[in-house]
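For reference, the structure discussed in these notes is given below.
The values are calculated or read from the model by the stated rules, or taken from the named source; none is laboratory data. Keep in mind it's a predicted model, so treat the numbers as computed, not measured. Quick reminder, even Gly has a Cβ in these numbers, built from the backbone with ideal geometry, and neighbours come from all protein chains shown. Side chains are part of the model used for accessible areas, which takes the heavy atoms of the whole protein and leaves out ligands, DNA and RNA. Shrake-Rupley method; radii C 1.70, N 1.55, O 1.52, S 1.80 Å.
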Amino acid sequence: MTRDVSNQNRLPGVHAPMSRRMMMPVVAVLAAAVAAGPAAMPAQARTDDIQHIYVAGIASDGVVGIQVAPGVAPRLVGPSTRLSSIPSFKGVAASPDGRYLYAGPVGDPGIAAFAINDDGTLTEVPGSPVPSGPLGTLAVAPDGKHLYVSAHENGGGTLTTYALTNGLPVRISTVQLDVTSLWAMLAVTPDGRNLYASDYFGNRVIHVPIGADGVATASGQRIATGFGPENPGISRDGKYLYVCNEVTSNVSGYRIGPDGSLAELAGSPFPVGMAPHGITSSPDGSRIYVPNTGSNDISGFRIDAEGALVPLPGSPYSAGTAPVNLPIQLQASRDGGRLYSIGAGTPDIAVTARLLTFDVRPDGSLQQSEAPLDTGQLFVDGPTTTITP
């Protein structure tokens, strides 16, 4: 016997023809989703593509991790990891293998060392923190065997070498810099043989050779920059050093000699926006980008055959007005397809620093893509951000 089920599960007062009409939009939506395929689903990051950016703030007491990957919106990996009981300046640096993160708040408790978990969260290394003087910045050797830390001790700037044993810094030796270099910011050449420290108050860069054992030796050459040099950057091939001059709003460029000595490039210093704060290279080493905090934009340059900086099409690129980002640090994705801008803070109700995502076009120009991400960090300044390789 055939049963009539046309009236079963029918809502009171609704006739069958209306029910079928109400179902049609749902069927159409499902059909459209199937036709669109995977692109209609939320983007998922491949494990091999994932990197992590870590951000610390001067007025915050911790460091926050952000997961980034091509074609995927950045996201926080968890709450901020506490570094100290007193909000203060914190330099941060990641190891070249992406396994460890180092952070240094001013004064005690010193250098904090963390293992980076697969999901980007942090686990403190046994024995951390390691005592140190008040810190300027940190830099890890390219082979991951040593950590270099600037500090202010004995009435002036110092540079200390630490051996890295199972991720924990072990102090080896300290060399004296200058009275004015109490806030030195560091960069190490890709071959690990030379270190450069920007002397903000002395308006110069200090060359510190590194021995075959990985230990920083007595400082050598001092070479003039513009006013307020900070956050030096080295080209990927190790041929050139670039230094932002915050006060004079330009970038000084130098050729690195076989012995690590510096010679200023023709055309240097190169003009940029107001209050530049750092140098970030593209992974292929053909371009650099400079965040201009004072003018709320990013300058992009091609590096020519002699190391001179040639503006990219459309440079400088706005960091946006909603919110105003005040870019202070940049991080490039390993595939070169994206550039991430971390702001000093935002002049609105939230005031905390945000991360902006820019897609890098084939000609090197930038186009903002994903929505801004609030890091929750207060007053990001100096080398207080890093990205895993």
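Computed values, structure above
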quantity	calculated
Scope the stretch 162-176; condition farther than 13 Å from residue 126 by Cβ and either under 24 Å from the mean Cα position of the chain (by Cα) or of a type in the set (Gly, Ala, Ser) (or both); matching residues	162, 163, 164, 173
Single residue of 371, 305 found to be open to solvent by 50 Å² or more (accessible area, probe 1.4 Å), of a type in the set (A, V, I, L, M, F, W, C), part of a loop (DSSP other than H, G, I, E, B) and under 14 Å from residue 74 (Cβ atoms)	371
Residues of the stretch 348-366 classified as in contact (Cβ under 8 Å) with a residue 12 or more places away in the chain, out of contact with any Gly (no Cβ under 9 Å at 6 or more places or on another chain) and open to solvent by 60 Å² or more (accessible area, probe 1.4 Å), total	1
The stretch 198-222: number of residues that are without any contact (Cβ under 8 Å) to a residue 60 or more places away in the chain and open to solvent by less than 30 Å² (accessible area, probe 1.4 Å)	8
The stretch 187-240, residues that are in a loop (DSSP other than H, G, I, E, B) and among the hydrophobic types (A, V, I, L, M, F, W, C)	201, 212, 215, 218, 227
The stretch 140-166: number of residues that are at pLDDT 95 or above and open to solvent by less than 40 Å² (accessible area, probe 1.4 Å)	10
Test: residue 310 is more than 18 Å from the chain's Cα centre (by Cα), open to solvent by 60 Å² or more (accessible area, probe 1.4 Å) and not acidic (Asp, Glu)	no
Those residues of the stretch 161-186 which are within 16 Å of residue 104 (Cα to Cα) and either in a loop (DSSP other than H, G, I, E, B) or touching a Ser or Thr at 6+ places or on another chain (Cβ under 9 Å) (or both), in sequence order	161, 162, 164, 167, 168, 169, 171, 182, 183, 184, 185, 186
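Here is a yes/no grid of residues against (1) open to solvent by 50 Å² or more (accessible area, probe 1.4 Å); (2) more than 30 Å from residue 352 (Cα to Cα); (3) hydroxyl-bearing (Ser, Thr, Tyr):
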{"residue": "228", "(1), (2), (3)": "no, no, no"}
{"residue": "271", "(1), (2), (3)": "yes, no, no"}
{"residue": "299", "(1), (2), (3)": "no, no, yes"}
{"residue": "324", "(1), (2), (3)": "no, no, no"}
